Every structure is written in C-alpha cells, then in structure tokens.
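The values are calculated or read from the model by the stated rules, or taken from the named source; none is laboratory data. Given the structure is predicted, the values throughout are model-derived calculations rather than measurements. Neighbour counts are summed over all protein chains in view; Cβ atoms, including those assigned to glycine, are modelled from backbone coordinates with ideal geometry. Note: accessible area is taken over every heavy atom of the protein model, side chains too, but ligands, DNA and RNA are not part of it. Shrake-Rupley method; radii C 1.70, N 1.55, O 1.52, S 1.80 Å.
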Amino acid sequence: MPDAPKNNFFRKEVRGIALTLGLVAATTVLVAVIIWQIGLSSGTVAYLVPVLIAAIRWGLIPALVAAFLGVIASAYFFFPPLYSLHITDPQEVVNLILYICVAVVVSQLATRLKSQLEMSRQREIEMRDLYAFSRRLAVAFDVADIQSAIEDHLTAVMQQQVVLFSAARDNKRRNGTAVPAEVIAAVEGFAAANRDNATGVTVNASGGEVWLVRAVSPKSPEFGLIAINFGRHSQDDSDELRSRVDAALADATATLERLGIAHAINEAHMRSQTDQLREALIGSVSHELRTPLASILGAATVLSAAPALRGETKLQALVQDVRSEAERLNDDIQNLLDATRISSDGIVPRAEWADPADIIDSALERCRGRMAGHHVVLNMPSDLPLIHVDPVLVKQALVQIFDNAAKYSPPGSQITVAARARDGRMVLSVTDEGAGLSATEQPQIWDRFARGQRHATTTSGSGLGLWIANAFIAANGGKMNAVSDGPGQGATLAIELPVTQAAVPHMESDADE
Amino acid sequence: MQMSEVSPIVLVIDDEAQIRRFLRTGFELNGFVVHEAGTGTEGIRAATLRPIDIVIVDLGLPDMDGSEVVERIRSWSTVPIIVLSVRSTEAQKVRLLEMGADDYVVKPFGIAELLARVRVALRRQSRAASGEPAVTVGPLMIDLAARAVTLNGTRLTLTPKEYRLLQVLAQHAGNVVTHQHLLKEVWGSIHMQDTHYLRIFVRKLRQKIEPNPDSPKILATELGVGYRLDYSGAETATPALATATTDV
C-alpha cells in the first residue's frame, strides 16, 4: 500500500471534519431545544463549544470548519427570516461577526496549546530515550554493548527497524532481528567500497521491503554502518523518509559526539585487544608448561617404583617430592587454563541429568590425596533428586572448595560434605573447622586473585580457585555462598543448583522390562 | 602374574621423546616389550608390520589427530587402544571411545594408572578370545553364561534391565563404557539421550551390589563420559579378575 503516511494524514483530517459536522449538528439540536424550552433569543455563542472541542481534539482545520458551520447554522435556523441564510437584523450581523472573531482566535489558541502539549510530551519521550541511552552507555563494558545501545537509541528516535553494523560486532548473528541477505551483502559492499558516502544506498530486499544502508556519521567511522527498514514504500516516499533519517541521524550523531562515544568505542577496542592478548599469552604459556610437566610427573612415578630405588627411603622421599610438587604445579596451571577459558570463550555447560552423589563421589576421589590428613564426613540422603547440570563443571567447582577446605584447616580436623534438596534447590555444602572468614573477607573470596591477608605469607595459592568455582556454578544456573562465624571458627561453602521438579523427565513404565 | 610368561608388546605413539622414554622404562620394568613411533603415520605402519598386543596413542600428534590413528587402526584390527588425552575434553573422550578406543588416561598421569588400564584391556582381550563366561570384580561375580550374579557368594536378584546393564558393563569390565553405548544396549537407540534412565538404574544397582552405595567401589562413575566396572578397594582389581578366569 503506497502513500501510507499521506493517506493517514488525510484520513485523520477527514475524520476530524466528519466528527465536527456531527458535533455542530448536535449543538444545533441542543440550541433549538433550549430556545424552544426557555425562549432565549439567540444561541450563537453555544457554537463556540464545538469550535473549542474540534480545536483541541482534531486541530485547526476542523475548528475553522466548526466556526464556519456555526455561522451557517445560526443564520439558517435561528435568525429571522428562519430557514434562510439571509439576516435582517443588523444587531445579529454584529453578533455573528463577533462570534467569528472569537471562534478563530479561540481555535488558534487551542490548537497552539495542543501542539505545545504534544511537543512537550514528545520532548519528554526523547529525554527519556536519551536518559535510558546514556544510562546504558554508562554501564556498557565493551564495544558491542555501546553499539547495541546506539542501535536501540536510533530505533527509538526514528521509529523504524534499525540495525547497526560494525567491525566489532558479529554481523551474521543479530539478536532476534532478521536482516535480509541482500541488506547484509549491501553492508559488506558498502563497507568495502567507500565509507565517506553519507547518502547511502537503498536496497530492495526480497520481501518487498526497502532498506537504506549508510554510515551513521560520515565523520566518525567508529559508529559503523546503519541499515534502516523503511517497510514497503514507493520511491517518492523513501526520499521523504531519507530526509527524515538524515535529520534524525544528524541529531543522533551530535548526541553521540557530545557523549564522547567515539572515544569510548576506541578505548573499549583497545581494552578488549589487551585482554585478548593477555588471555592468549596465559593460555599458550600454560599449555607449553603442561607438556614437560607430564614428562616430569610420569618419570617420577616410574622412578618411585624402580627396583634400584627399593629400600632407598631418602631417595624415595625426593622422588615423592618431585611428584607432589609437579602435581601442585599442574593444578596451578590447570587453574590458569580454566581462568582463561572463563574470560575468553565463556563457559558452555554440557548439561545432562546427573546424580549429585556421583558428582560428590568423583570430587572426593579427585581430592583423596589432598584430604588424606582430614576426617571427611559424608552426609546425604540416598534419594537425592537428579539435577540437570554439566557434572564435570560442578565437580571441578567442588574440587576447588575441597582444596580450599583442606588448605585452610588443620590436619586431623573434620570436613563435612553434605547434600540436600530444599525449596527447589540442590545444596551441596562443605563445612570445615579451619581458618574461617572475617566480615571483610567474606564478600571478597569470590573475587579473581583474592587472597586473604592473614594467609598471604603462610599458605600458597593463586587466588583463582573460588573465582573459578563461582564461574563454573554460575554457568550452570546456580550460585555459591559462604558462611562463617568469624576467623578461626571454620566456614561453610555451599553450592546451590536449581532442581526443577517439573522438568525431571519421567521414565516410561516399561523401562524396567 | 600370568603376563610374565609371554612378554606383551606395547606400541607407544607419541611425539614427545621424554614421554616415550618414561613410558618405555615404565613398561620394560613391568615386563613389556616396547615399540615406539613419533608420528601417526609411523605408528599406523608399525601396527601393521609387527604383532602388537596393545597400542598407546597420544591425542595431539604432529601429522594427524590421535582419533584418526584410532579410526585407521580400528578399521582392520581389534588390538586394544588406550588414548592419552588432556582434561576438559569429555566430548572428545566419548567420541574416541565410540570410535573404538578401549580406554583413555588423562595427562599428566602416573605409570601405575596407565599400567592398570593396560592390564585391564589386555585381560579383556584374552577373555574375549577364550570365550570366558564369568567376570569377577572384587566381591562381585557375574556369570555371563548362567546369567547369575553373586556378591560374596550370595546370589543377587536383579530385574531384567538391572542385569542387562551389569552385563554390558561386565563385558567391558575395567574399561569405561559410554552413556550412549549403555543406553543403546540396554534400552535401545531411541533412548540414547535419556541419561536419567541410567542414573536411576545405576542407583538401584548400586543399592544391591555396593557395600556402601554412597561411595561406590565397584560401579565407578566417569563424569561426563560413562561408567566403569572396576574394583577400587585396593590394587586388587586385576588379581581378582585373574583368579576368576582360572576357576571357571
């Protein structure tokens, strides 16, 4: 359907005029009734009511129509000679002229009031958009956040579907918005050809929609390219829309420049590059370290069992040292690798239905050596519900907690491992009788590289363990918490995972046949 | 032990000379004959030229992926294959096992761990060759011919599915069996994704076969991969298996 906006405009006017007609007719009937009942000589003044209403509700033209109709109706129905537009009494002519003056002034005042009201409402919406935009910018962490904030802002300003493209974003994966292939191709071609082109190109997508592709700002390429969906419009209309887009984009660009977005984008780019470099470095160094470590550890185990060393307790002890230190180094390297995995690619859990008892047992098995000096108590019912998680990630989180408990509590003390289902959550908790946590330490233990001041010199560690555990649990939709009565009072670290009873799959009745 | 009569031949395929060296020493000290290969191509050729009893292959080889070596060797040989892998690759482990690897050991590892896996794989191979019907895992004995299960000599009553599950695990005793393999063998291919079936039946089975179901010693979980029937009470797993093979 072409000419949609113009059509809309006329339809609105016609509707206003039609309603005005009805209003004037109703007023005429009302005035007639009043004159007939009460015997008033003239009701012209009553026609100001439809003029006012039309001015406020439908604008200037219907208001003037109402005024004009008011004159006709008064002359025809109420001034002698009745039922003729001819007026004999000069007094009535003066009245009518006065009425016309008042009506025109009133209608103009009313429409101006109306447009001012609309303008302030519009401004309020704009302010709200702008406020929301600047708030999103304030919390934006990387370029992608800033870009999506710009995208939403422009969508709000232009009232059209707007998609922003830039080098920093994955142009194929748009959150929920389907962008026709032709538009993507045009964006790629545009980016390759000429970035200064401010007028842009129009693309006729296969769905019949017309898209405009252009640079957000010809001066600041950081803002990227923008594709605007004009819907199904004729060429003439697109031209009109394009001028509107130009105006809106000029405004938006001014806002972006005022807020220093270009600078922020560049800074975020640099930050992410530095991060990537650091993660890549840690990743490759850790990998390189692990390869010789496998040889060291393997060789140590061969040595410790070698017949030549049988009975050589001192040498055996040395070999044992090599072995246990290599194992510790391996754990540290594994932590670094896990940390890079968390911050570079994010964690993608492979969820499956798992038995919490299996996870606990595997984690205990893994930490058997480290917890050998402690008295481990297992406390769990035999009918724990299954949970839908990545069991390997949860196990690794538990291993970190066990490691922590063993490290910060004296040998011979008790470590209690408990599991219970409560209020739709599975809680796996580990309670030790160790160093505990002070009020200031409590919120800090989940931070990356967090190390308690009290232990910095006495116990070794990277401060990554609980941060990793927390990230692994968060990836499974769970959370962790720590409770302690204070330093030296021991601590309970707990993992909470969702148990969605409704989602627990049922077993077919013939599963056991 | 029975292996000392004829020295089993192990082929080690790893590009790291230091790893090969400690494996050679470790295996030779335990009565194995060791052949080495530094690349996948070399390894595959060595496996075709010589009689090999077991293959140890590293996943990260310079010329090809370790899984390709597994696939190529499996295409013409049933020789047991144990893969050396790094952690955090459960999906890869499952794929390797489905491709025909018998087991995996996570790097870094101790020689004792690898030797235990190797012995289990060799024993399984010889049991398969002799048509041995009974499998003993610690106090548990599964007579595959008589479909009878005893715990410390006492006959256990299992449901058909519980027995089928135990049977599949017993056929691979000592080696890990993937979730998918168990689900397919016990419930059929349409239930391949229903891991909760396994969890529930393993729990039931443990109530019957484990002295303490909370810390299982017989039916072990390999998180994210599968299950393993392996007595971990002490280093008794292999001797216990060995006695079982002699008395039936």
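Some notes on this structure:
- The length gained on full extension between B:Ser7 and B:Asp214, counted as 0.36 nm times the residue separation minus their Cα-Cα distance, comes to 70.6 nm.
- Rg over Rh, two decimals, region A:330-414 (C-alpha only, Kirkwood Rh): 1.01
- Rounded to whole numbers, the Karplus 3J(HN,Hα) couplings from phi for region B:208-224 are 8, 9, 9, x, 10, x, 6, 10, x, 10, 10, 9, 8, 8, 10, 3, x Hz, using 6.51 cos²θ - 1.76 cosθ + 1.60 with θ = phi - 60°, and x at Gly and Pro.
- Summarising the amide proton neighbourhood of B:Val137: residues at separation of 5 or more, or on other chains, whose placed amide H is nearer than 5 Å comprise B:Ile142.
- Sparse-neighbour loop sites [GluC sites (Glu not before Pro); region A:312-404; at most 16 other C-beta within 10 Å; DSSP]: A:Glu312
- Longest to shortest principal axis, alpha-carbon extents of chain B, angstrom: 51, 41, 31
- Sum of -39500 (n - 2.57) over DSSP H runs of 4+, divided by residues of the protein assembly as shown (222 nm, nearest 500): -17500 deg cm²/dmol
- In the distance distribution for the protein assembly as shown, Cα-Cα pairs more than 36 Å apart total 63 percent.
- For region A:352-503, the Kirkwood hydrodynamic radius comes to 15.5 Å, computed from all pairs of different C-alpha atoms.
- Efficiency of FRET between A:Leu315 and B:Glu71 - r from beta-carbon atoms, R0 45 angstrom, step 0.05: 0.55
- B:Leu151 paired with A:Glu325, simple spin-label distance in nm, labels 7 Å along Cα-to-beta-carbon: 4.6
- Note, ³J(HN,Hα) from phi for region A:145-155, Karplus 6.51, -1.76, 1.60, rounded to Hz, x at Gly and Pro: 4, 4, 4, 6, 5, 4, 4, 5, 4, 5, 4
- When A and B come together, around 3500 square angstrom of accessible surface is lost from both chains combined, probe 1.4 Å.
- Net charge, B:Gly60 excluded, C-beta distance under 10 Å - Lys, Arg +1, Asp, Glu -1: -4
- Low-density loop cleavage sites - GluC sites (Glu not before Pro) in region B:4-71, where at most 13 other Cβ are within 10 Å (DSSP): B:Glu5
- Neighbouring Cβ atoms from other chains, within 10 Å of the Cβ of residues in B:213-220, number 3 on average.
- Label sites at A:Gln161 and A:Arg244, each approximated as a point 7 angstrom past Cα along Cα to Cβ, lie 1.7 nm apart.
- Take each residue of peptide A:350-358, count the partner chain Cβ atoms within 10 Å of its Cβ, and average: the result is 6.
- Shielding by partners for peptide B:196-202, expressed as the average number of C-beta atoms from other protein chains within 10 Å of each residue's C-beta, is 6.
- Label-point separation, B:Glu185 to A:Val14 (7 Å along Cα→Cβ), nm: 7.9
- Looking at region B:132-247, the pairs of alpha carbons with a distance over 21 Å make up 31% of the total.
- Using the Karplus relation 6.51 cos²θ - 1.76 cosθ + 1.60 with θ = phi - 60°, the per-residue 3J(HN,Hα) values for region A:107-117 come to 5, 5, 4, 5, 5, 5, 4, 4, 5, 5, 4 Hz, with x marking Gly and Pro.
- Relative contact order (%) - chain B, alpha-carbon pairs under 8 angstrom, separation at least six: 14
- For region A:4-121: relative contact order, % (alpha-carbon pairs under 8 angstrom, 6 or more apart): 26
- Backbone amide hydrogens, once placed in the peptide plane, bring A:Phe165 within less than 5 Å of A:Leu225, A:Ile226, A:Ala227, excluding anything fewer than 5 places away on its chain.
- Structural descriptor for chain A: relative contact order 8 percent, calculated from alpha carbon pairs under 8 angstrom and at least 6 residues apart.
- The stretch between A:Tyr83 and A:Arg258 holds 56.3 nm of extra length on full extension. This uses 0.36 nm per residue minus the Cα-Cα distance.
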